[in-house]
Amino acid sequence: MITIFRIRRFNPEAAPSMPYFQEYKLDTDRADTVLDALIDIRETLDESLTLRCSCRGAICGSCSMRINGHAALACKTKVQAMASERGVVQVEPMNNMPVIKDLVTDMAGFWEKVRQVQPWLQPAGQEPEGEYLASSESMNHLTGVMGCIMCGACVSDCAALEVDERFVGPAALAKAYRFVADPRDGAARSRLLALNEPGGMWDCTRCMECIEVCPKGVGAMERIMSLRSRGIEAGVPSTSGSRHAEVFADLIYRKGRLDEPMLATRTFGLQNLSRLLSLLPMVLRAFVRGKVPKSGPLHRAIPGVEKFRRLFQRMEERP
Amino acid sequence: MKFAFFPGCVSKGGCPELYQSVMEVYPRLGLELEEMTTASCTGAGVLQEKDRKLGDVLNARTFALAEQAGLPIMTICSTCQGVMSQANHRLTTDPPYLAAVNEILNEEGLTYRGTTQIRHFVWILLEELGEQGIRQRVRRPLTELRAAPFYGCYLQRPSEALGFQDQPDRAKSLELIMSWLGLEVVDFPGKTRCCGFPLLTINEKNSLRMVASHTLDAKRNGADILVTPCPLCHLNLDGMQSRAAGQQQADIDLPIWHLPQLLGLAMGMEPKRLGLTRHLVSTQGVLDKLGSAVA
Ligand code: SF4
Ligand code: SF4
Ligand code: FES
């Protein structure tokens, strides 16, 4: 099958050094991965094409790049699954990190953020006689996160990082969870306190890009949500994020449904009156535009809410 | 075809024009709706930050109510749909988990057997009416309109829970339906990205950056309007647009339409009846532009 590879090229040493797209035509086989094709291009068509790879078997994590707009391991992605009707596959370097040359990105910032979450075990108390023991159940739970191969795909496509490079990002947060949830670790609270700061676990926008692109099913966003609930449980100082989640849950308990004015008032409340007041012009304009439901701005509870509340109580009784 | 209609909190709260437009268009599509008045909020992914199992219990309750009525559920919100699809995926792929959830549901005398179908309005248009069913209802082809789709994360990811494997067209449902309405579909990279709404309370600055980036990008690609099946995207992209424009010192002014409004207009209905006058970013300019085609 003739495939056209539309590859984003960049050479910092060329003048002028502006990224551009270059197309290569290649005869590809049904079994070919994008990595096979790129290596073929380098060997037969253009030896200046620069890329990074090692294992070719989805283990080392070095061949992440954007294929048709989404990050993926080139060695795990079949050409035929990606070719458009016209036989085109677009290949670009990962996003949210500097490009060194062509498809090779600088991972220094990635590793810096992983180091920031102190990715090593910090046991508390006396050292045991033998080994540190952990139940197999707890370790099984952790295998999902431990499967991370640090390929950076999640970081490349993260929507929160795209607008704010200070965000610690999905890979580092998944790694943080791996230690917060490890029964042998004694530093969960200080870890959660650090993650509670701006740029930490509350800055994720829940876009699920990291879940979708991860080649190893790590589910970084799920881990971030678990960090948030553990943070709330551990009583870390409230943020507008944690108050929002708490108030949201309480409103559903009371009414069975959302009550937007209440949610905003109680989330910002007296702690952040200026933020609440800053929403007023928008609310007023919404009123003028008739953007208010027929039943008025205050929401009544769903019918049968008393019975419904018992589900919450049952949940609280559970072990 | 008859559905248990789950309108969601926002279409009955901050985006009443969405509910209004759905009520206007559905009878003309041959759909029959029975509104679920006793169902609760899905938790919108926020409750799940605090307690995911609690979220699954509340959603299983809604699924059980529909199952009792023998009806599939119809949602009109990407977030409701995604949160419900994910909950249903967990419940139906893990029998012991479903049993544990049912044990709590028994408190209300309910059991969920795992058979309820949950579908977004957009998917119903795609899969029940299809190209022919939609084209034959178009009275005013909107050929002069250039519109860009904006899905909302929850209608795109995670693809596994959303059934993209069996229904691959769901990934491009908006583009397909919009093209059947006769308009020019504008493609742009932001169409499947996050609108920033979940960050609004936590980090407004970053949330507004997302609003500005996507709306400006769509405009640069030539869009007259952005069309969304998600009222939460609408709240941020429409409601916060002027503030995002201020933050970036840019002129945006891009009207954000709910998909049922676009459908209704193409079916020949009056803009006012579809709630098109109830937006913060005025739709008037676009309606004027369509004047000749719409008159
Ligand atoms: S879900 Fe959160 S961490 Fe994952 S890609 Fe989106 S913003 Fe980034
Ligand atoms: S979480 Fe997944 S996508 Fe992110 S670095 Fe690890 S393996 Fe790669
Ligand atoms: S080359 Fe090692 S993961 Fe692709």
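The values are calculated or read from the model by the stated rules, or taken from the named source; none is laboratory data. All values reported here derive from a predicted model rather than from experimental measurement. Ideal geometry is used to build each Cβ from the backbone, glycine not excepted, and the neighbour counts take in all protein chains shown. Remember, those area values only see protein heavy atoms, side chains included, never the ligands or the DNA or RNA. Shrake-Rupley method; radii C 1.70, N 1.55, O 1.52, S 1.80 Å.
Remark: pairs (first residue in the stretch A:210-232, without any contact (Cβ under 8 Å) to a residue 60 or more places away in the chain; second residue within 16 Å of ligand 3 (Cβ to nearest atom) and open to solvent by less than 40 Å² (accessible area, probe 1.4 Å); Cβ separation under 9 Å; 6+ apart in sequence or on different chains) = A:Cys210/A:Ala153; A:Cys210/A:Cys154; A:Cys210/A:Val155; A:Cys210/A:Ala171; A:Cys210/A:Val218; A:Ile211/A:Cys154; A:Ile211/A:Val218; A:Met221/A:Cys154.
Yes/no per residue for (1) within 16 Å of ligand 3 (Cβ to nearest atom); (2) in a loop (DSSP other than H, G, I, E, B):
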residue	(1), (2)
A:Phe167	no, yes
A:Ala171	yes, no
A:Ala176	no, no
A:Ser190	no, no
A:Ala194	no, no
A:Glu197	no, yes
A:Cys207	no, yes
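B:Leu232 meets the stated requirement of being within 20 Å of A:Ala286 (Cβ to Cβ), open to solvent by 20 Å² or more (accessible area, probe 1.4 Å) and aliphatic (A, V, I, L, M).
When you scan the stretch A:62-132 for strands (runs of 3 or more DSSP E) that lie fully inside it, which ones turn up with 3 or more residues that are under 19 Å from the mean Cα position of the chain (by Cα) and surrounded by 12 or more Cβ atoms within 10 Å (Cβ to Cβ)? So that I can check it myself, show each step before the final result.
Numbers: elements: A:64-67, A:70-73, A:88-92, A:99-101.
Ranges flagged: A:64-67, A:70-73.
Among residues of the stretch B:12-26 being more than 9 Å from every other protein chain (Cβ to nearest Cβ) and touching a strand residue (DSSP E or B) at 6+ places or on another chain (Cβ under 9 Å), the one that is surrounded by the fewest Cβ atoms within 10 Å (Cβ to Cβ) is B:Met23. When B:Ala212 is tested against (1) open to solvent by less than 30 Å² (accessible area, probe 1.4 Å); (2) more than 13 Å from chain A (Cβ to nearest Cβ), just one condition goes unmet, and that condition is (2).
In this structure, does A:Arg285 turn out to be surrounded by fewer than 16 Cβ atoms within 10 Å (Cβ to Cβ), more than 10 Å from every other protein chain (Cβ to nearest Cβ), more than 30 Å from A:Glu197 (Cβ to Cβ) and not polar (S, T, N, Q)? So A:Arg285 does not fit the description; no.
Could you tell me which of the residues B:Gln68, B:Gln86, B:Gln48 is over 21 Å from the mean Cα position of the chain (by Cα) and open to solvent by 10 Å² or more (accessible area, probe 1.4 Å)? Don't jump to the end; show me each part of the working.
Numbers: B:Gln86 fails: over 21 Å from the mean Cα position of the chain (by Cα); B:Gln48 fails: over 21 Å from the mean Cα position of the chain (by Cα).
Just a single option satisfies the conditions, and that option is B:Gln68.
Restricting attention to the stretch A:185-212 and to residues that are within 14 Å of ligand 2 (Cβ to nearest atom) and open to solvent by 20 Å² or more (accessible area, probe 1.4 Å), the residue that is nearest to A:Arg275 (Cα to Cα) turns out to be A:Ile211. Residue under question is A:Ile252, and the condition is that it be β-branched (Val, Ile, Thr), open to solvent by less than 10 Å² (accessible area, probe 1.4 Å), away from ligand 1 (no atom under 16 Å from the Cβ) and over 22 Å from B:Ser207 (Cα atoms); does it hold? Here the answer is yes, as A:Ile252 does meet what is asked. Number of residues in the stretch B:90-136 that are charged (D, E, K, R), assigned to a helix (DSSP H, G or I) and under 17 Å from B:Gly55 (Cα atoms): the value is 4.
If you check B:Arg157 against the conditions, is it under 23 Å from A:Met221 (Cβ atoms), open to solvent by less than 50 Å² (accessible area, probe 1.4 Å) and either among the β-branched types (Val, Ile, Thr) or not in a helix (DSSP H, G or I) (or both)? Yes; evaluated as a whole, the condition is true for this residue.
Of the residues screened, A:Leu227 is one that is farther than 18 Å from A:Ser64 by Cα, buried (at least 17 other Cβ atoms within 10 Å of the Cβ) and more than 9 Å from chain B (Cβ to nearest Cβ).
Within the stretch B:256-295, the set of residues being more than 20 Å from the chain's Cα centre (by Cα), more than 14 Å from every other protein chain (Cβ to nearest Cβ) and assigned to a loop (DSSP other than H, G, I, E, B) comprises B:Gly268, B:Met269, B:Glu270, B:Ala295.
Count of the stretch B:160-200 residues, restricted to those that are part of a loop (DSSP other than H, G, I, E, B), away from chain A (no Cβ under 12 Å) and surrounded by 21 or more Cβ atoms within 10 Å (Cβ to Cβ), is 3.
Could you list, in sequence order, the residues of the stretch B:27-76 that are away from every other protein chain (no Cβ under 14 Å), β-branched (Val, Ile, Thr) and under 23 Å from B:Thr111 (Cα atoms)? Passing the criteria: B:Ile73, B:Thr75.
The condition of being part of a helix (DSSP H, G or I), within 13 Å of ligand 2 (Cβ to nearest atom) and at negative phi holds for only one of A:Ser156, A:Ser138, that being A:Ser156.
With respect to the conditions (1) more than 16 Å from ligand 2 (Cβ to nearest atom); (2) of a type outside the set (Val, Ile, Thr); (3) within 14 Å of chain B (Cβ to nearest Cβ), A:Glu127 lacks only one, and its number is (3). Screening A:Leu193 on (1) more than 12 Å from chain B (Cβ to nearest Cβ); (2) closer than 30 Å to B:Tyr151 by Cβ; (3) more than 11 Å from ligand 1 (Cβ to nearest atom) shows it passes everything except condition (2).
One residue is enough: does the stretch A:206-229 have a residue meeting the conditions more than 16 Å from ligand 1 (Cβ to nearest atom) and of a type in the set (D, E, K, R)? So far as the stretch A:206-229 goes, no, none of its residues is more than 16 Å from ligand 1 (Cβ to nearest atom) and of a type in the set (D, E, K, R).
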